[in-house]
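Enquirer: The structure's right below; bear with me while I get my questions together.
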Amino acid sequence: MKVADTGSALREILKNSSAPRVLVPTMGAFHPGHLSLMHRAREIAGPGGSVVVSIFVNPIQFDRAADLAAYPRPMARDLAACEIAGVDVVFAPTAESMYFPDRSVTITENLLSRGLCGAARPGHFDGVCTVVLKLFLLTGCAAAVFGKKDFQQLAVVRRMVRDLNVPVEIVACPTVREADGLAMSSRNTRLTPVQRADAPRIRRALLAAAALDTPAEIIASARAAIDTSPLARIDYLALVDAETLQPVAEIHRPAILATAVFYGEVRLIDHVTIPAGQPPRKGDIGSPLPLGS
Ligand code: AMP
């Protein structure tokens, strides 16, 4: 396994290889969710292809300096995990090598990125799109693997690839969860034991609400089940169309019930997909939910 810490070092490593590359973009602090992406990348690349994992805590996608500073960076452990997962190249650049101090070009997606996490974290998806496109260009990958856990990120990246004719196939992997249902996240390690014990309520609340009939009932039920906890603070809770990510007042097509919840300074996200019922599920929620509500 080779490791590069600048774009030029990466180019040097890749220059004599014509093997198709599959990229797994990450911010490190690996858990089994990341490893599932690496294994999928290994399968797609096959024995003749190469798997490239990027580890980069991208400063321009953080809206809170404290979150960026507190983000875990266990680099030695991450490199060992990549080696075991059969990764060929790790690209772990410094922020200075990724961004010119006077950089002036940013990629902006203007529709799917507006609500949910985009509304709660201004500039976040500009940072994501910009770094993902840079990583695609730097690695010259034919395919890239993303987790469905970050479903809005996945949708925004797919839209960028479609609209800008980026020649990279986007592959999505299911969310890997702890035994108690909590979605695995690098941020989970920052929860106190009491917060960690409470956090599976997010998943339970979404699942129970998703079984209800109308959008109003679904939202109210999920909100109440999370709000019951004195430790949890809802950042947003929204029911959106699975394709457009716009708020829905009726469920005619698959929808996504999505939330972001703060435990202290730690922000966790999760969602469930709600299939459209047959006959269509209906229900008036009064007025459309504002984006990111
Ligand atoms: P991150 O390091 O959090 O930026 O995540 C890197 C990639 O891993 C993204 O594509 C995430 O969607 C994916 N990922 C993070 N957590 C999980 C999980 N629990 N299950 C599956 N994929 C995940």
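The values are calculated or read from the model by the stated rules, or taken from the named source; none is laboratory data. Predicted model only: the values in this text are computed from it and were never measured. In this analysis, Cβ positions are derived from the backbone assuming ideal geometry, glycine residues included, and neighbour counts consider all displayed protein chains. What goes into the accessible areas is simple: the full protein's heavy atoms, side chains included, and nothing from ligands, DNA or RNA. Shrake-Rupley method; radii C 1.70, N 1.55, O 1.52, S 1.80 Å.
Enquirer: Out of all the residues in region 1-34, which are crowded, with 18+ Cβ neighbours inside 10 Å, within 11 Å of the ligand (Cβ to nearest atom) and in a helix (DSSP H, G or I)?
Expert: Hits for region 1-34 are 33, 34.
Enquirer: List pairs: first residue in region 102-116 and under 13 Å from residue 60 (Cβ atoms), second residue not in a helix (DSSP H, G or I) anywhere in the structure, Cβ distance under 9 angstrom, at least six positions apart or on different chains.
Expert: Taking only residues 6 or more apart or on different chains, the pairs are 106/123; 107/164.
Enquirer: Further question on the same structure: Within region 76-90, take every residue that is touching a strand residue (DSSP E or B) at 6+ places or on another chain (Cβ under 7 Å) and within 25 Å of residue 190 (Cβ to Cβ) and give me the one that is most open to solvent (accessible area, probe 1.4 Å).
Expert: 79
Enquirer: Exactly one condition in (1) in contact (Cβ under 8 Å) with a residue 24 or more places away in the chain; (2) within 14 Å of the ligand (Cβ to nearest atom) is false for residue 225; which is it?
Expert: The one condition residue 225 does not meet is (2).
Enquirer: Kindly list, by first and then second residue, each pair from a residue in region 171-186 that is more than 6 Å from the ligand (Cβ to nearest atom) and outside any loop (DSSP other than H, G, I, E, B) to a residue that is at pLDDT 95 or above and open to solvent by 30 Å² or more (accessible area, probe 1.4 Å), limited to pairs with Cβ atoms under 6 Å and residues at least 6 apart or on different chains.
Expert: 172/148
Enquirer: Filter region 225-246 for residues that are buried (at least 21 other Cβ atoms within 10 Å of the Cβ) and closer than 15 Å to residue 112 by Cβ and give the result.
Expert: 238, 240, 245
Enquirer: Residue by residue through region 35-83, note down the ones that are within 15 Å of the ligand (Cβ to nearest atom), within 20 Å of residue 267 (Cα to Cα) and part of a helix (DSSP H, G or I).
Expert: 59, 60, 61, 67, 68, 70
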